[in-house]
């Protein structure tokens, strides 16, 4: 497993103010600025990944690095891939340690958006690092639990974590009994070379999802679910 630490980031107070819909010149704007200052002192976004290889395919099951994953969509996406990159990217557990306001829902929301900005910086650093190191060209990725429940079941997070190793020790991310990740602003998945601009949102029926990055694509959904 490779780990990316010391990831640079810039927290844009004006942009964050727009995101949370407050006037930066207001009293709330001053309080948001205090949280941004705290995040700049404590935030340490991180990424971990491994280079792995598809060892066997059997219908909807793909074996990667000795771990079996069952997903028709994943199997079809990796039909022509031999090398893949399981990954985990996080805003950093330090953010949860630095701030806790269970009774202040507004500030908790602001802090969550600041954490999201750190996660975005870490994603950019991870993608740039892989391109510079491996010259991958065009890529796509899939994440357990993203999209419809049967696209790639969230329970298979356990196998993904097994592929990466002790990520709690290296980057401070733990997996709960319900297969959610802590800190919450953390993503995991498998990145692979692809000429198709695949995004899991395209095979997800949840129209009201706040994280949607692409519209539902019925043609692609049908293609991915064909036997």
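Things worth noting here:
- Candidates 62, 3, 54: the one that is assigned to a strand (DSSP E or B), touching a helix residue (DSSP H, G or I) at 6+ places or on another chain (Cβ under 6 Å) and over 26 Å from residue 169 (Cβ atoms) is 62.
- With respect to being within 17 Å of the chain's Cα centre (by Cα), free of Cβ contacts under 8 Å to residues at least 40 places away in the same chain and closer than 30 Å to residue 76 by Cβ, residue 128 fits the description.
- Top-ranked residue in the stretch 95-108 [being in contact with a helix residue (DSSP H, G or I) (Cβ under 6 Å, 6 or more places away or on another chain) and either modelled with pLDDT of 90 or more or in a helix (DSSP H, G or I) (or both); ranked as surrounded by the most Cβ atoms within 10 Å (Cβ to Cβ)]: 95
- Of the residues making up the stretch 38-67, those that are at negative phi, surrounded by fewer than 14 Cβ atoms within 10 Å (Cβ to Cβ) and in contact with a strand residue (DSSP E or B) (Cβ under 8 Å, 6 or more places away or on another chain) number 4.
- Residue match in the stretch 111-118 (condition: surrounded by fewer than 18 Cβ atoms within 10 Å (Cβ to Cβ), over 15 Å from residue 2 (Cα atoms) and without any contact (Cβ under 8 Å) to a residue 24 or more places away in the chain): no
- For the stretch 71-94, the set of residues classified as in contact (Cβ under 8 Å) with a residue 40 or more places away in the chain and part of a loop (DSSP other than H, G, I, E, B) consists of 71, 78, 81, 91, 92, 93, listed by residue number.
- Residues located in the stretch 71-94, provided they are surrounded by fewer than 16 Cβ atoms within 10 Å (Cβ to Cβ) and at pLDDT 90 or above: 82, 83
- Any hit, the stretch 95-107, residues being farther than 25 Å from residue 63 by Cβ and under 14 Å from the mean Cα position of the chain (by Cα): no
- Among the residues making up the stretch 34-51, those that are out of contact with any helix residue (DSSP H, G or I) (no Cβ under 7 Å at 6 or more places or on another chain) and in a helix (DSSP H, G or I) are 34, 37, 40, 41.
- Matching residues, the stretch 1-37, being closer than 30 Å to residue 161 by Cα and surrounded by 11 or more Cβ atoms within 10 Å (Cβ to Cβ): 1, 2, 3, 4, 5, 7, 9, 11
- Matching residues, the stretch 168-196, being in contact with a helix residue (DSSP H, G or I) (Cβ under 6 Å, 6 or more places away or on another chain), in contact (Cβ under 8 Å) with a residue 60 or more places away in the chain and not in a strand (DSSP E or B): 173, 183, 185
- Residue in the stretch 128-143 that is surrounded by the fewest Cβ atoms within 10 Å (Cβ to Cβ), counting only those that are in contact with a strand residue (DSSP E or B) (Cβ under 8 Å, 6 or more places away or on another chain) and within 18 Å of residue 6 (Cα to Cα): 129
The values are calculated or read from the model by the stated rules, or taken from the named source; none is laboratory data. Owing to the predicted nature of the structure, the values given are computational and were not obtained by experimental measurement. Glycine also receives a Cβ, built like all others from the backbone with ideal geometry; neighbour counts cover every protein chain displayed.
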